[in-house]
Amino acid sequence: MTRSSSRWVAGASLVLAAGPAWAYIDPGTGSMLVQSALALIAVALVAGRSAWHKVKSFFSRRKDDAADREA
Amino acid sequence: MQPTARPRPPLDSAQRHPASFRDPEARVLVADGRVLRALSAEAAARFDDVREFIKELEGEGLVVGSREAPDTPPPGFARMLEHDKLPFVSYPYEWPFALLRRAALLHLDIHRRALERGVTLADASAYNVQFRATRPVFIDIASFRPYDEGELWAGHRQFCEQFLNPLLLAAQFGIAHHAWYRGSLEGIATAALAALWPARGWLSPRALVHVLLPAGAERAAAKRAESALRTVRRSRLPKAGYTALLGQLRGWIARLEPRGFSATQWAGYAQARSYSADALEAKRRVVAEFAARHRPSVLWDLGCNDGEFTEVALANGAASAIGFDADPGALELACERAERAGLALLPLHQDASNPSPAQGWLGRERAALADRGRPDAVMALAFEHHLALGRNLPLGEVAAFLLAVAPRGLVEFVPKADPTVQRMLALKGDIFPDYSEAAFSAALAAHARIVRTDALPGGRKLFWFEA
């Protein structure tokens with residue numbers, strides 16, 4: 001393992017360890033799983049939107065290119 | 001309430017508040033009538049980080065006031081704070097729907113503002129909210145802590161079980177939350193609510209996110225605990241998502257209304273009551289005189305109904321009042337009245353024949369109503385017959401109960417000939433040969449002085465008593 005990756009792992013485990021130390025209530029797996037799913041959906045939506053923009057801009061660029069050539 | 005003969009097990013610190021045990025880094029202590037909070041070194045450092053924000057909320061009256069206290073912290077703690085004392089402690093299972101909703105909105109508003117400032121709340125307990133009249137105030141300053149970007153909302157389940165689900169029970173099914181919540185102090189389980197939820201609930205994104213999916217995921221996670229935990233540990237919720245969850249709940253809860261409460265027995269009382277305009281006017285005058293004569297700083301109104309006479313007392317010398325009633329619809333009206341007229345009135349759910357007990361851990365976590373302070377005066381208008389005739393309670397015991405509430409009071413006796421009583425006995429039959437004004441008067445006189453009586457047109461009588 002490289003020095004930087006081991007530093008990353010140490011950092012990540014600190015973050016993970018820091019969370020539960022504050023959570024003296026039981027958050028409940030069900031609620032947490034739903035939040036995870038929502039976060040994934042949100043990420044997918046954002047990713048989907050940017051992918052859609054890419055597709056759109058790809059076609060509009062081709063149209064623009066064609067228009068440029070015709071001009 | 002009589003103390004029990006059995007010795008009580010000691011708390012691990014002599015002065016620890018019996019409900020303060022969840023957060024190992026903060027303890028509420030009660031000493032000589034003062035409310036203190038001990039913070040560990042870590043909690044004190046976190047408090048310093050968020051102090052400016054807390055002071056801002058304090059200034060707006062949203063968070064209970066606190067200041068550094070000179071007292072020596074108990075072992076394991078580094079700093080002591082002293083809190084402003086609240087006039088009365090009440091519990092979510094006593095709050096009318098309107099107040100539980102208000103407490104929920106306060107929690108969400110504080111949490112949303114906290115996130116904007118890089119602060120979050122470690123839990124979402126409804127017991128962290130108290131009321132000054134009908135104004136909610138947040139009391140657990142130790143649950144503020146720095147927000148860690150990407151963290152999940154750890155308090156979501158608790159928020160749902162202690163705020164959202166009891167409100168939904170009333171809004172969705174027309175069931176008042178009090179009895180269920182009182183028997184289940186941590187709130188109404190999401191699984192239970194999901195089991196009741198109608199099939200069309202699956203079409204509502206809000207019900208899906210906060211009720212149905214969490215309940216389903218909890219069941220699924222119970223079967224695959226390891227992988228569920230791995231998923232949860234890996235997950236990050238962007239701050240925008242966190243804020244959106246809080247905002248979605250806020251929008252939903254702000255529009256929730258209890259279903260069918262307006263049709264409850266007493267909510268239509270003001271329109272349907274049986275006595276004449278002059279009897280009503282006479283009664284208002286006596287209540288005004290009683291309040292003006294004693295000017296109680298705290299008045300308890302048993303069977304306050306929609307708060308009509310509580311308002312008269314508050315307008316004529318009572319400084320503050322707590323109104324108790326068993327009818328959820330009447331309590332909604334009392335809340336509306338308190339809000340409309342700006343009254344120092346806290347309406348609470350209570351059934352006098354089964355008052356809030358001491359309960360929770362060691363039977364002490366949540367105090368009995370009788371152990372939460374004594375008012376300067378009590379009013380019980382058109383109340384006694386509900387116990388004596390409605391619940392078959394011995395008239396002498398009803399009188400003794402009223403006398404024990406406060407050192408002075410105004411109580412109304414409703415005679416058998418009264419149309420209300422006639423309706424009550426129509427199906428039950430008159431099984432109360434000893435129910436009479438003379439018997440009631442004698443029972444009062446056995447334990448207190450009757451200092452004045454006022455006969456109302458129509459046959460009812462008001463008794464002024466002093467201990």
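Laboratory data are not the source of any read-out in this text; all were calculated from the coordinates shown. Quick caveat: nothing in here was measured; it's all calculated off a predicted structure. Neighbour counts are summed over all protein chains in view; Cβ atoms, including those assigned to glycine, are modelled from backbone coordinates with ideal geometry.
Numerical summary
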read-out	value
0 to 90° range, to nearest 10: angle between helix B:277-294 axis and chain B longest Cα axis	70
Alpha-carbon centroid distance for the pair the range B:294-312 / the range B:97-149, whole angstrom	29
Debye equation applied to the C-alpha atoms of the range B:26-83, log10 I(q)/I(0) at 0.23 Å⁻¹	-0.94
Pair-distance profile P(r), taking every C-alpha pair of chain B, with 20 angstrom steps and integer %	22, 51, 24, 3
Share, in percent, of DSSP beta bridges within the protein assembly as shown that are antiparallel, nearest 5	65
Residue B:109 paired with residue B:351, simple spin-label distance in nm, labels 7 Å along Cα-to-beta-carbon	3.4
Ascending count of other beta-carbon atoms within 10 Å, so fewest first, for B:188, B:322	B:188, B:322
Radius 9 Å from Cβ of residue B:359, net charge of other residues (Lys, Arg +1; Asp, Glu -1)	+2
Angstrom value of the Kirkwood radius, inverse mean 1/r, which spans all Cα pairs in the range B:134-190	13.3
Two-site FRET efficiency, residue B:117 against residue A:45, from Cβ-Cβ distance with R₀ of 22 Å, rounded to 0.05	0.20
Surface/4 of the Cα convex hull for the protein assembly as shown, nm²	36.6
Given charges at Cβ of Lys, Arg, Asp, Glu: the protein assembly as shown dipole, positive-most of B:409, B:291, B:220	B:220
Cα gyration tensor category, rounded, prolate or oblate, for the range B:263-466 with a/c compared to 1.5	rounded
Between helix B:41-59 and chain B: long-axis angle, C-alpha atoms, 0 to 90°, nearest 10	50
Area projected by the alpha carbon convex hull of the range B:221-350, averaged over all directions, nm²	12.8
Per residue convex hull volume, Cα atoms of the range B:97-254, in Å³	124
Those lysines that a straight Cα-Cα span of less than 21 Å connects to residue B:55, excepting residues fewer than 8 apart in one chain	B:85
Between 0 and 90°, nearest 10: helix B:328-341 axis offset from chain B longest Cα axis	90
For residue B:151, net neighbour charge (Lys/Arg +1, Asp/Glu -1) across residues whose Cβ lies under 11 Å away	+1
